Amino acid sequence: MVRWEPGARGRLGQAAYELFTERGFEQVTVAEIAERAGLTERTFFRYFADKREVLFAGAEGFQELFVSTVAGAPDSAAPIDAVAGALSAAAAMFVAHEDGVRRRSAIIAAHPDLRERELVKLSAVAAAVAGALRRRGVTDPAAALTAEAGLAVFRIAFAAWIDDPGGPDLGRRIAESLDELRAVAAGK
């Protein structure tokens, strides 16, 4: 087994995704992931707490992208426009890694516990975005409502994008969903 070769985290992730796709999440062990990657179980646990965390390892970066984009929006931006900028940044990140995002989504969709974990992650992002909006001077309930609405737009647009690989890209799906939300809010 190769122990200290660079790229161990990436190799473990690649091995896990391959095995989860081939056999399903439940049927794969940490030992098998490590073996496929040419590493030890001990090395696996240096990078991931358990096999679920392979799928959720980027959660902090995803959340930070949202928060930093909201925080960096112009002072004149309306709260929903600050969140729209974060949604656009997330879309660009996902499109840049489309194959992996689609594989991850399929793995999560096939397992109820992983779907629940995904919802917990998105809830944490919404709370962090609401905090970023509050730091911009947006009061509650507007901060919480805007953050939750933004994440709802993301979830709906993301699902449509996943379900229609040949259709509009994620950025366009998000823009369309935001337009729908604005129309509903305006009573149209």
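Quick note: the coordinates plus some simple rules give every number you see, no bench work behind them. In this text the structure is predicted, and so the values were computed from the model without any measurement. Here the Cβ positions follow ideal geometry from the backbone for every residue, glycine too, while neighbour counts run over all protein chains shown.
Some notes on this structure:
- Paramagnetic reach from A71 in the range 119-143 [backbone N under 16 Å; point 7 Å along Cα→Cβ]: 125-138
- FRET efficiency for the E180 to R52 pair, using the beta carbon distance and R₀ = 45 Å, is estimated at 0.85.
- Tilt relative to the chain, helix 79-96 - C-alpha long axis, 0 to 90 degrees, to 10: 30 degrees
- With Cα atoms, 0 to 90° folded angle of helix 142-163 axis to the chain main axis: 50 degrees
- Shape parameters for the chain, alpha-carbon atoms, Rg then Dmax in Å: 18.5, 63
- With both labels modelled 7 Å from their Cα along Cα-to-Cβ, the A128 to A152 distance reads 2.2 nm.
- As a size descriptor, the averaged projected area of the C-alpha convex hull of the range 1-109 was calculated at 7.9 nm².
- Between 0 and 90 degrees, the angle of helix 98-109 with respect to the longest Cα principal axis of the chain falls at about 80 degrees.
- Of R23, R52, the sequence from fewest to most neighbouring Cβ atoms within 10 angstrom is R23, R52.
- For the chain, the relative contact order is 19 percent, taking Cα pairs closer than 8 Å that sit 6 or more residues apart in sequence and dividing their mean separation by the residue count.
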